[in-house]
Amino acid sequence: MKQYHILADEGWTHLDNPPNRYHHFFAALLGPADTISVLEQRLKLAHEKFNHTHKNEIKWSKLNGHLFSDYKLLIDTFFDFWKNNDELKFRQLFLDQKYEYTGEGNSKDMLFMVYYQFIKHSL
């Protein structure tokens, strides 16, 4: 039986009044476990070729001309791999800040609920 992996991440602005209309971002990548492993290896090789040191993770908010070559290498590596592996499925979701969460619990609870629905319906 083929095994699949889901890689997922989210990002959001932490401001009470976000500057942009879309302020919660969710992304997921689904693919066969062996394909995901190859992608991870390729991304690690790209990381080894970086010109600069990055702490823990690449943050788009830190992108500048100085770091551009590292970001470009990472993105090119991912999209070149994705283009040649049609078993990979990528989905993303943006939440519109004009819709305010009014349910029970806090906003982090809302993120988990949205992520569950996102994965359930997208993949």
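Observations
- Every pair of residues 6+ apart whose Cβ atoms lie under 9 Å, when the first sits in the stretch 71-93 and is farther than 11 Å from residue 42 by Cα and open to solvent by 60 Å² or more (accessible area, probe 1.4 Å) while the second is among the hydroxyl-bearing types (Ser, Thr, Tyr) and at pLDDT 95 or above: 87/35
- Residue 25 modelled with pLDDT under 85 and out of contact with any Lys or Arg (no Cβ under 7 Å at 6 or more places or on another chain): yes
- Residues satisfying the stated conditions in the stretch 55-93, i.e. over 30 Å from residue 116 (Cα atoms) and either in a loop (DSSP other than H, G, I, E, B) or at pLDDT below 85 (or both): 64, 65, 66, 67
- Filter result for residue 42 (touching a strand residue (DSSP E or B) at 6+ places or on another chain (Cβ under 7 Å), open to solvent by 80 Å² or more (accessible area, probe 1.4 Å) and among the charged types (D, E, K, R)): no
- Per the listing 101, 115, the residue uniquely part of a loop (DSSP other than H, G, I, E, B) and modelled with pLDDT under 85 is 101.
- The stretch 100-119 residues that are farther than 29 Å from residue 89 by Cα, paired with ones that are open to solvent by less than 100 Å² (accessible area, probe 1.4 Å) (beta carbon under 8 Å, 6 or more apart): 103/109; 103/110; 103/113
- Checking 78, 26, 90, 50 one by one, the residue that is over 30 Å from residue 2 (Cβ atoms) and of a type outside the set (Val, Ile, Thr) is 50 and no other.
The values are calculated or read from the model by the stated rules, or taken from the named source; none is laboratory data. Worth saying up front: this structure is predicted, and the values here are computed from it rather than measured. Quick reminder, even Gly has a Cβ in these numbers, built from the backbone with ideal geometry, and neighbours come from all protein chains shown. Just so you know, the surface numbers come from the protein's heavy atoms only, side chains and all, with ligands and any DNA or RNA stripped out. Shrake-Rupley method; radii C 1.70, N 1.55, O 1.52, S 1.80 Å.
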